[in-house]
Amino acid sequence: MGEKVVAGGFDLSDRRRYRRKLQQCLEGLERLLDERRFDRPKNLMGLEIELNLTGSDGMPRMMNAEVLERIASRDFQTELGMFNLEVNIVPHRLEGRVFDQLAEELRTGLAYAHRKANEVDAGIVMIGILPTLTQRDLVSANLSDVDRYVLLNDQMVAERGEDFVIDIQGVERLSCTSESITPEAACTSVQLHLQVTPGRFADVWNAAQAVASVQVAVGANSPFLFGRELWRESRPPLFQQATDVRPPELQAQGVRPRTWFGERWVDSAYDLFEENLRYFPPLLPICGEEEPLRVLDEGGIPSLQELVLHNGTVYRWNRPVYGIADGVPHLRVENRVLPAGPTVTDVMANAAFYYGLVRALAEDARPVWRRMSFDAAERNFDAACRYGIDAELEWVRPGRAGGTTKVPAVKLIRDELLPLAAAGLDAWGIEPADRDRYLGVIEERCRRRVNGASWQVDTYHRALEAGLEREAALAATTRRYGELMHQGDPVHTWPVGFPGPS
């Protein structure tokens, strides 16, 4: 959430006051939109990556405070679990050789962080869910020692009123409970930010929702949790269940979960912020001193801090973001779909595919969201999470005939979406060398039907066939993944298997 909060309790008056402040913030946002006070187009993108800490044995290391102290860089921050870090890349203009520039910055930063972590027998692993995590690792004692995480956990546990239930039926079934939200920390992602004008926001958000499924299909990297082989991208069901403050009775009534895909295409950014207030009670009713409407009346720009804080506790896969830079407000779409990893090259390929595809679809004269139902987009997202690169997706038929049809994700991406993504990157002004290199990685994944999840599963089963027990096979897979991740060649080139037990 990025907010400085102080641990403590809340009373009934805090919630009433916070709700009033939220409504004032929403009115302030509406006025800012009506008065066209937002930043002009700058084609700015941003990037955040959540990371895992492991030992040389492939097991999680609960020591982010020690590692961060050694890294001593503002680019690296804590995340929810003690085995998590997050790296933030400053915004870049989406043009030229930006993907190569970002790749170089990331390689340099991650290599430095990895060296510093090595000093305390830890290392950086960029992966969707660490295969070696156990239920014993994901307990409240292993939450990062940061007030906002402790407070958020306390509020969500109180709201839930009983244990959180994790029940995922995939290749195998996982069924367990948790007394805290700590299992959420298993989910490590790449978050792609795109600054957009209010007039373009709805088209960009709708496009991002439409392509969330293909992002997951080609980028899945989270097939294991607590020793079980589940979905090819197990983060979404885990995240939803680990943050689900609804007891079963509210679920049965159709109350919306705080982690959700959404339920409709939108016409403006305001729609999403308004939904967040209408559907979700505040978890952290912390009020600031600012009076947003008075600030506007005096010609200033309000921070809308209560709205921003509340927005950070509603976990949309494409989240609307309000921010201020150099005294000017702006809007961003924060794409939270992708798992971390496997390599910097793979992350950049996923980013190039997303930014190019969203640009092309948002500018299409016959947008896909006018020809495909929102329910179909949600079903696609579910199928991609379950089956990854082998998913079949519902998509609009080519030409003007109309209607939708089922198509293998790899065929859809190679035949229709990669050319669109290339055109979108051209529209951004991306150099052809960058465009071709990174979209070529996506094409090769589709051609070979390989992504991070398929490599992990194939290598794990190779380890089992070699005679390793389940836990040892997962550890061997994790160690080999870490070696290849740091070598840096994209995942579709990785040899399946491992040199041998260590």
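The values are calculated or read from the model by the stated rules, or taken from the named source; none is laboratory data. Worth saying up front: this structure is predicted, and the values here are computed from it rather than measured. Quick reminder, even Gly has a Cβ in these numbers, built from the backbone with ideal geometry, and neighbours come from all protein chains shown. Ligands, DNA and RNA are stripped out before the accessible areas are found, and what is left, the full protein with its side chains, is counted by its heavy atoms. Shrake-Rupley method; radii C 1.70, N 1.55, O 1.52, S 1.80 Å.
For first residues located in the range 165-189 and within 17 Å of V139 (Cβ to Cβ) and at pLDDT 95 or above, partners that are part of a loop (DSSP other than H, G, I, E, B) and among the aromatic types (F, W, Y) and lie 6+ apart or on another chain with Cβ distances below 8 Å form the pairs L174/F226; C176/F226; A185/F83. Does the range 38-58 hold any residues that are of a type outside the set (G, A, S), within 15 Å of Q195 (Cβ to Cβ) and out of contact with any Asp or Glu (no Cβ under 8 Å at 6 or more places or on another chain), and which are they? Once the filter is applied, which keeps residues that are of a type outside the set (G, A, S), within 15 Å of Q195 (Cβ to Cβ) and out of contact with any Asp or Glu (no Cβ under 8 Å at 6 or more places or on another chain), the range 38-58 yields F38, D39, R40, P41, K42, L44, M45, L47.
If the condition is being of a type in the set (D, E, K, R), assigned to a loop (DSSP other than H, G, I, E, B) and under 16 Å from R332 (Cα atoms), then the range 259-286 contributes only D267.
Among residues of the range 30-51 being hydrophobic (A, V, I, L, M, F, W, C) and in a helix (DSSP H, G or I), the one that is surrounded by the fewest Cβ atoms within 10 Å (Cβ to Cβ) is L33.
One residue stands out in the range 192-206 among those that are open to solvent by 10 Å² or more (accessible area, probe 1.4 Å) and not hydrophobic (A, V, I, L, M, F, W, C): the one that is farthest from E48 (Cα to Cα), namely G199.
Of the residues in the range 52-64, at least one is at pLDDT 95 or above, closer than 28 Å to G482 by Cβ, in a helix (DSSP H, G or I) and not acidic (D, E). Say we look at the range 291-341 and pick out the residues that are touching a strand residue (DSSP E or B) at 6+ places or on another chain (Cβ under 9 Å) and of a type in the set (S, T, Y); which of these is nearest to A220 (Cα to Cα)? Only one residue fits best here, namely Y315. Does L68 fit the bill of being touching a residue at least 40 places away in the same chain (Cβ under 8 Å) and surrounded by 13 or more Cβ atoms within 10 Å (Cβ to Cβ)? Judged against the criteria, L68 is not a match. Residues in the range 232-254 that are in contact with an Asp or Glu (Cβ under 9 Å, 6 or more places away or on another chain) and outside any helix (DSSP H, G or I): R232, T243, V245, R246, P247.
Applying the set (1) under 27 Å from R449 (Cβ atoms); (2) of a type in the set (S, T, N, Q); (3) surrounded by fewer than 22 Cβ atoms within 10 Å (Cβ to Cβ) to T313 leaves exactly one unmet item: (1). Identification of helices (runs of 4 or more DSSP H) wholly contained in the range 361-452 with 1 or more residues that are more than 29 Å from H92 (Cβ to Cβ) yields 374-387, 409-412, 432-448.
Taking (1) open to solvent by 40 Å² or more (accessible area, probe 1.4 Å); (2) acidic (D, E); (3) in contact (Cβ under 8 Å) with a residue 24 or more places away in the chain in turn, E483 satisfies each apart from (3). A count restricted to the range 285-309 and to residues that are touching a helix residue (DSSP H, G or I) at 6+ places or on another chain (Cβ under 6 Å), surrounded by 21 or more Cβ atoms within 10 Å (Cβ to Cβ) and either free of Cβ contacts under 8 Å to residues at least 12 places away in the same chain or over 14 Å from E27 (Cβ atoms) (or both) stands at 1. Among the residues of the range 130-145, are any acidic (D, E), loosely packed, with under 13 Cβ neighbours inside 10 Å and either touching a residue at least 60 places away in the same chain (Cβ under 8 Å) or closer than 26 Å to D14 by Cβ (or both)? Yes, because at least one residue in the range 130-145 is acidic (D, E), loosely packed, with under 13 Cβ neighbours inside 10 Å and either touching a residue at least 60 places away in the same chain (Cβ under 8 Å) or closer than 26 Å to D14 by Cβ (or both).
If you go through the range 396-426 and keep only what is closer than 19 Å to V214 by Cβ, open to solvent by 30 Å² or more (accessible area, probe 1.4 Å) and among the hydrophobic types (A, V, I, L, M, F, W, C), you end up with L420, A423.
Only one of the listed residues (R332, R258) is of a type outside the set (F, W, Y) and open to solvent by 10 Å² or more (accessible area, probe 1.4 Å). That residue is R332.
Within this structure, E274 fails the test of being open to solvent by less than 10 Å² (accessible area, probe 1.4 Å) and not aliphatic (A, V, I, L, M). Assess whether G429 counts as being of a type in the set (G, A, S), open to solvent by 10 Å² or more (accessible area, probe 1.4 Å) and modelled with pLDDT under 95. Against the criterion (of a type in the set (G, A, S), open to solvent by 10 Å² or more (accessible area, probe 1.4 Å) and modelled with pLDDT under 95), G429 does not qualify.
Take the range 221-265 and flag every residue that is among the polar types (S, T, N, Q) and more than 22 Å from Y387 (Cβ to Cβ). Selection gives T243, Q251, Q253. Within the range 269-285, the set of residues being of a type in the set (A, V, I, L, M) and modelled with pLDDT of 95 or more comprises A269, L272, L277. Could you look through the range 81-106, keep only residues that are in a helix (DSSP H, G or I) and in contact (Cβ under 8 Å) with a residue 24 or more places away in the chain, and pick out the one that is most open to solvent (accessible area, probe 1.4 Å)? Filtering first and then ranking leaves D100.
Of all residues in the range 340-369, exactly one satisfies the criterion of being among the basic types (K, R) and either touching a helix residue (DSSP H, G or I) at 6+ places or on another chain (Cβ under 8 Å) or at pLDDT 95 or above (or both), namely R359.
Determine whether P501 is out of contact with any helix residue (DSSP H, G or I) (no Cβ under 6 Å at 6 or more places or on another chain), open to solvent by 20 Å² or more (accessible area, probe 1.4 Å), modelled with pLDDT of 95 or more and not in a helix (DSSP H, G or I). Criteria not met by P501.
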